[in-house]
Amino acid sequence: MEGKRSGSMHCKVLRRLKELTRSIVEDLANNRLPIIYIDRFRNYCMDGSGNCYCSSGLSNGKEVVTLKRESHARRLDVLLRVLLIVQQLLQENRHGSKRDIYYMHPSIFKEQATVDRAINDICILLQCSRHNLNVVSVGNGLVMGWLQFVEAGRKFDCINSPNTAHPIPVHVEEVDNIISVAQYILVVEKESVFQRLANDQFCKRNRCIVISGRGYPDVPTRRFLRLLTEKLRLPAYCLVDCDPYGFDILATYRFGSMQMAYDAKFLSVPEIKWLGAFPLDCDNYCIPQQCLLPLTEEGLNWSCC
């Protein structure tokens, strides 16, 4: 069934890609300046009434890209080049990373962020997720605990050695046969904390699944966490530092990232709970000043964003 859904989406994405490209070529052939309307999304809300649609998956306005502006002409050039690469990946049933795409035209793209933006724009225009383009991330996350699953026919059995780290699958859409006897999922910010829990045999004494994105979580880590919470119906907790970076990492797990707000429903876990020291704990528990680290100027600017 999953294979049929994937095949159907594959065909839809290719069809939409060809329709988009055809409309641009027809405009140029008829001496019309192509105009592209890109929906814009957000993953936060500033409406305190609760009567809003910020998390409904609906767009929050449109951005107009046209050749009338020089900066937009370059952006459209990059978009078409990346579209061509994506089309080749889909037609040849191959996968590539964002970094792979960048190195195909480094002198034109100039920086990785240019490719990242184009891929996000393409996902919005084609109404799909990044993995539907066969563009994958290099896996960075780790998992251990009372969990067993299969990815593309390969079995991962964490249960036999619950304190052994396993890489989080890159192709999360190919994960199935998920089995677990865990009671909760614990997400930790840092790899050092993950390794400390492994060394202390934490999962041997606690029926749980432990995940780490090793800092800011990549897309596979967030998609994998979302998949586990959906399939296993387990509570999830996030242990992060009590500083602006920790709060931002928690917010990324809970609400998704700004850059991929269009895909937040597949990359966020709104029900995840915050674990760790709270800012008020410093006063409530009379923690000595010498035990605290001063907030750097960079951290202060981050917290004000």
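The values are calculated or read from the model by the stated rules, or taken from the named source; none is laboratory data. As the structure is a computational prediction, the values presented were derived from the model and not from experiment. So basically every Cβ, Gly included, is an ideal-geometry build from the backbone, and we count neighbours across all protein chains shown. Side chains are part of the model used for accessible areas, which takes the heavy atoms of the whole protein and leaves out ligands, DNA and RNA. Shrake-Rupley method; radii C 1.70, N 1.55, O 1.52, S 1.80 Å.
Quick notes on this one:
- The set of residues from the stretch 94-103 being over 17 Å from residue 139 (Cβ atoms) and surrounded by fewer than 16 Cβ atoms within 10 Å (Cβ to Cβ) comprises 94, 103.
For every residue, the table says whether it meets (1) touching a strand residue (DSSP E or B) at 6+ places or on another chain (Cβ under 7 Å); (2) among the acidic types (Asp, Glu); (3) at pLDDT 60 or above.
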{"site": "2", "(1), (2), (3)": "yes, yes, no"}
{"site": "8", "(1), (2), (3)": "no, no, yes"}
{"site": "13", "(1), (2), (3)": "no, no, yes"}
{"site": "19", "(1), (2), (3)": "no, yes, yes"}
{"site": "33", "(1), (2), (3)": "yes, no, yes"}
{"site": "41", "(1), (2), (3)": "no, no, yes"}
{"site": "49", "(1), (2), (3)": "no, no, no"}
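- Residue pairs meeting the criteria (Cβ under 8 Å; at least 6 apart or on separate chains; first without any contact (Cβ under 8 Å) to a residue 40 or more places away in the chain and under 24 Å from residue 118 (Cβ atoms), in the stretch 251-276; second open to solvent by 70 Å² or more (accessible area, probe 1.4 Å) and part of a loop (DSSP other than H, G, I, E, B)): 252/216
- Residue within the stretch 264-271 that is more than 18 Å from the chain's Cα centre (by Cα) and of a type in the set (A, V, I, L, M) present: no
- Residues of the stretch 178-218 classified as under 24 Å from residue 136 (Cβ atoms), open to solvent by 20 Å² or more (accessible area, probe 1.4 Å) and assigned to a helix (DSSP H, G or I), total: 1
- Residue selected from the stretch 126-145 under the condition open to solvent by 10 Å² or more (accessible area, probe 1.4 Å), closer than 20 Å to residue 187 by Cβ and not hydrophobic (A, V, I, L, M, F, W, C), by the criterion nearest to the chain's Cα centre (by Cα): 137
- Of all residues in the stretch 61-76 being open to solvent by 60 Å² or more (accessible area, probe 1.4 Å) and either among the polar types (S, T, N, Q) or not in a loop (DSSP other than H, G, I, E, B) (or both), the one that is nearest to residue 131 (Cα to Cα): 62
- Test: residue in the stretch 264-279 that is at pLDDT below 90, loosely packed, with under 13 Cβ neighbours inside 10 Å and in a loop (DSSP other than H, G, I, E, B): yes
- Scanning the stretch 9-43 for residues that are within 15 Å of residue 87 (Cβ to Cβ), in contact with a Cys (Cβ under 9 Å, 6 or more places away or on another chain) and open to solvent by 50 Å² or more (accessible area, probe 1.4 Å) returns 12, 16.
- Cβ pairs under 8 Å, 6+ apart, first in the stretch 113-141 and at pLDDT 90 or above and in a loop (DSSP other than H, G, I, E, B), second of a type in the set (Gly, Ala, Ser) and crowded, with 21+ Cβ neighbours inside 10 Å: 141/212; 141/213
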